[in-house]
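Comments concern the structure below.
The values are calculated or read from the model by the stated rules, or taken from the named source; none is laboratory data. Fair warning: this is a prediction, and the values are worked out from it, not measured in the lab. Heads up, the Cβs are rebuilt from the backbone with ideal geometry, glycines too, and the neighbour counts pull from every protein chain shown. We work out accessible area using only protein heavy atoms, side chains counted, and drop any ligands, DNA or RNA first. Shrake-Rupley method; radii C 1.70, N 1.55, O 1.52, S 1.80 Å.
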Amino acid sequence: MNMYLFVYDLMQFCGHSWIFTNMMIRFMNIWKDSLADTFYSIGLVMRLCQLLSVLEILHILVGIDKSRLLPRFLQITERIIVLFVVINSQEEVQGKYVVCVLFFLWNLLDVIRYTYNMLARMGIYYLPLTWLNFSLCILLYPLSVLAKGFAICVSLPYFESFGTYSIKLPFPFAFSIYFPYVLKMYLPVLFIGKCFILQKLYSYIEKLVFLFHFLKKKSIPI
C-alpha cells in the first residue's frame, strides 16, 4: 500500500509539475495572452489531475491514508465543483483571468504537497519542507478560496442567461431549481469550509513550532 501511495503521489506530482511549468513558460513567452487561454492549453491535464484526486477520499475511507477525511473532502469537492460545474460548463468563463490565477494557486500548493507526501512515504521528513507545506497553504489557501468565489460570481450572469443546470419540473410537481441561486447559497459554504480547514492547518503549525524548538534545544540537525 505504501508503494501504491508513492506511485499515486508521483503521478500527481508529475501532472501538477507539468501544468505549473507550462504556465510559467507560456507566461514568460506571451505574457498577457497566456492568461486568457490557460484553460484551453492545460485544462485537460488539470481535469485529469482533479479527477484522480478523488481517489484520496477513497484512500482515507479504506484506511490506507491516515489524513483527516473532512478537510480533504472539502478541498477536493470545492475544486471539483468550481472546475467541472462552474468553469468547464461555461465557455465564456474559461477565458477569464481568474481561471489562470486559480490554476496557479492550485498547482503551486499541489507541487509542494505531493513532494512532501512522496518523501513522507519513504520515511523522510525534511522539516523546512514540512513547514513550507503547511505555512504556504495557510497563506495561499484563502487566496484560492477568494479566487473560487470570484469565479462563481463571474459565472452567475452566464448561468442566468443560458439557464445551464436550471431545472423546471412539469405539472403536477410545479417545482423548479434555479442554478444561480444554488451557486449563491454555495458561496457561504465555501467560506465556512475555508475557516474550518485553516483552523486545522493552524493546529499543525503549532505542532511544528513546538517540534522545531525541541530539536533546536536538543541540537538535532533539521
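Observations on the model:
- Residue-normalised accessible area of the chain, expressed per residue, 1.4 Å probe, Å²: 56 Å²
- From phi via Karplus (6.51, -1.76, 1.60), per-residue ³J(HN,Hα) for the stretch 122-132 in Hz, x at Gly/Pro: 8, x, 9, 10, 8, 4, x, 5, 4, 4, 4
- Accessible heavy-atom area order of Val82, Val62, highest first, probe of 1.4 Å: Val62, Val82
- Residue with peak Gaussian network fluctuation, the chain [Cα springs, cutoff 10 Å], from Asp37, Asp65, Asp110: Asp65
- Magnitude of the charge dipole, the chain, Cβ model with Lys/Arg +1 and Asp/Glu -1, debye to 20: 780 debye
- Mean Cβ neighbour count within 10 Å, used as a protection proxy, ranking 183-190, 38-45 highest first: 38-45, 183-190
- Rounded if a/c under 1.5, otherwise prolate or oblate - the stretch 55-129, Cα gyration tensor axes: oblate
- Each residue of the stretch 84-101 was assigned a 3J(HN,Hα) from its phi angle through the Karplus curve 6.51 cos²θ - 1.76 cosθ + 1.60 (θ = phi - 60°); the sequence is 8, 7, 8, 7, 5, 7, 10, 4, 5, 7, 4, x, 6, 5, 4, 5, 5, 4 Hz, with glycine and proline shown as x.
- Distance between modelled label sites at Ala36 and Asn2, nm, 7 Å Cα→Cβ extension: 5.2 nm
- Note that the stretch 177-192 has calculated 3J(HN,Hα) couplings of 10, 9, 4, x, 5, 4, 5, 5, 6, 6, 4, x, 4, 4, 7, 5 Hz, one per residue in order, obtained from phi through the Karplus relation 6.51 cos²θ - 1.76 cosθ + 1.60 (θ = phi - 60°); glycine and proline are x.
- Applying 1/(1 + (r/R0)^6) with R0 = 25 Å to the Cβ-Cβ distance of Ile80 and Leu119 gives a FRET efficiency near 0.40.
- Springs join every pair of Cα atoms under 10 Å in this Gaussian network model of the chain, and among Tyr178, Tyr158, Tyr97 the largest mean-square fluctuation is at Tyr178.
- Cβ-derived FRET efficiency at R0 30 Å, Leu44 paired with Arg68, nearest 0.05: 0.50
- For the stretch 32-88, the carbon plus sulfur part of the accessible surface works out to 68%, probe radius 1.4 Å.
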